[in-house]
Ligand SMILES: *[C@@H]1O[C@H](CO)[C@@H](O)[C@H](O)[C@H]1NC(C)=O
């Protein structure tokens with residue numbers, strides 16, 4: 001009995017040591033329904049919005065079955081949107097439906113701010129999106145009246161050095177205790193989930209499944225936010241699977257636990273870290289087929305302090321750049337000097353050869369990292385400039401899958 005108590009206690013301590021989110025987070029529950037709707041395959045924006053706006057706090061609008069097409073929706077404070085298994089909520093392909101008022105949504109300009117998000121959660125407490133159904137942004141569909149897809153527009157923006165005006169799938173802002181649970185998100189025209197200036201955000205059991213070629217389709221981006229948990233998610237997409245940013249406020253107390261990443265640009269911090277990123281744990285992560293693995297990126301135009309970041313129990317396969325600490329991600333100039341220190345890698349195993357980069361700003365401001373039990377594949381390239389690395393790596397990784 002005493003032994004059992006000791007084991008249970010040590011497990012509890014281990015759990016506590018793993019999490020950096022200061023809240024104690026457990027598996028969310030789907031709220032009960034205030035009303036149930038069936039989809040007709042036609043535009044149902046006003047029916048869904050009306051149901052959301054009149055739903056009691058603590059309850060959820062249940063999309064029970066069928067296909068719903070909709071323009072922008074706002075989820076009120078305390079209310080849930082429950083997309084049940086068998087139901088699909090698709091974003092309208094008409095740019096005008098999302099236009100912010102300047103008739104630029106679906107076009108290129110220098111600013112890229114012309115579209116509303118598909119689902120907006122603003123100044124809310126305790127709202128969420130739940131269920132085993134699917135939210136489809138239709139980014140690969142031809143925009144009505146435009147003759148090209150949202151993703152082609154994003155590709156054009158790159159070749160023309162412009163910005164695309166395309167809706168994000170889910171935008172959370174100035175909110176508290178927001179939950180995404182079990183939902184499948186796919187084909188966003190732009191980022192899938194951005195949580196900005198939000199304290200308390202949980203994504204649990206979420207699947208993101210979008211082609212690797214769809215430009216700027218980040219998976220989940222916490223920005224200037226605190227008390228974040230991303231757990232038991234499967235994320236494959238065309239840009240960063242997760243990107244932690246801090247361009248307008250610090251981001252800290254972040255737990256990224258038990259996730260699997262497929263195609264994408266990896267587990268990223270940056271590029272905007274002006275206000276600092278700290279107290280981040282990434283524990284039990286598998287990456288298969290991402291371009292980057294564990295990456296912290298910034299430059300002199302948007303750098304800051306990134307510290308207290310721990311990666312534990314990470315396995316990678318087919319990852320080109322398994323570890324990247326890059327303070328010179330672009331040549332942009334400025335006085336926001338990136339400083340990356342207190343970055344720890346524990347039990348990291350990389351099964352295929354790749355390039356490792358540790359690139360600090362200068363010898364007086366090096367990147368500082370600690371390696372414990374890091375096993376990489378022989379034939380890998382290791383580049384360290386302006387770097388203070390404690391611990392060692394071994395070139396002895398073997399096995400063909402994580
Ligand atoms: C983070 O969570 C802790 C514990 O619940 C709470 O005390 C703290 O106020 C939260 N931080 C913010 C910025 O909301």
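The values are calculated or read from the model by the stated rules, or taken from the named source; none is laboratory data. Every value quoted in this text rests on a predicted model; they were computed, and no experiment measured them. FYI the Cβ positions are ideal-geometry reconstructions off the backbone, even for glycines, and counts take in every protein chain you see.
Some notes on this structure:
- Taking segment 171-195 as the range and being within 16 Å of the ligand (Cβ to nearest atom) and under 12 Å from the mean Cα position of the chain (by Cα) as the test, only 195 passes.
- Single residue of segment 20-37 satisfying the filter (within 16 Å of the ligand (Cβ to nearest atom) and buried (at least 16 other Cβ atoms within 10 Å of the Cβ)) that is farthest from residue 132 (Cα to Cα): 20
- Among the candidates 41, 71, 126, residue that is more than 16 Å from the ligand (Cβ to nearest atom) and either modelled with pLDDT under 95 or at positive phi (or both): 41
- Only one entry of 140, 78, 101 meets the criterion of being surrounded by fewer than 23 Cβ atoms within 10 Å (Cβ to Cβ), touching a helix residue (DSSP H, G or I) at 6+ places or on another chain (Cβ under 9 Å) and in a loop (DSSP other than H, G, I, E, B), and that entry is 140.
- Only a single item in (1) within 25 Å of residue 252 (Cα to Cα); (2) buried (at least 24 other Cβ atoms within 10 Å of the Cβ); (3) more than 15 Å from the ligand (Cβ to nearest atom) is not met by residue 164, and it is number (1).
- Residue that is nearest to residue 162 (Cα to Cα) [pool: residues in segment 225-272 that are within 13 Å of the chain's Cα centre (by Cα) and within 15 Å of the ligand (Cβ to nearest atom)]: 225
- Only a single criterion out of (1) surrounded by fewer than 20 Cβ atoms within 10 Å (Cβ to Cβ); (2) under 21 Å from residue 82 (Cβ atoms) is not satisfied by residue 117, namely (1).
- For the residues 216, 209, 227, 199, the requirement of being touching a helix residue (DSSP H, G or I) at 6+ places or on another chain (Cβ under 6 Å) and modelled with pLDDT of 95 or more singles out 216.
- Every residue from segment 354-375 that is in a loop (DSSP other than H, G, I, E, B) and either under 26 Å from the mean Cα position of the chain (by Cα) or free of Cβ contacts under 8 Å to residues at least 12 places away in the same chain (or both): 354, 360, 364
- Some residue of segment 198-216 being under 21 Å from residue 278 (Cα atoms), in a strand (DSSP E or B), more than 12 Å from the chain's Cα centre (by Cα) and within 16 Å of the ligand (Cβ to nearest atom): yes
- First in segment 193-208 and in contact (Cβ under 8 Å) with a residue 60 or more places away in the chain, second anywhere and assigned to a loop (DSSP other than H, G, I, E, B) and within 12 Å of the ligand (Cβ to nearest atom), Cβ under 6 Å, 6 or more apart: 202/25
- Members of segment 167-177 that are out of contact with any helix residue (DSSP H, G or I) (no Cβ under 9 Å at 6 or more places or on another chain) and buried (at least 24 other Cβ atoms within 10 Å of the Cβ): 168, 169, 170, 172
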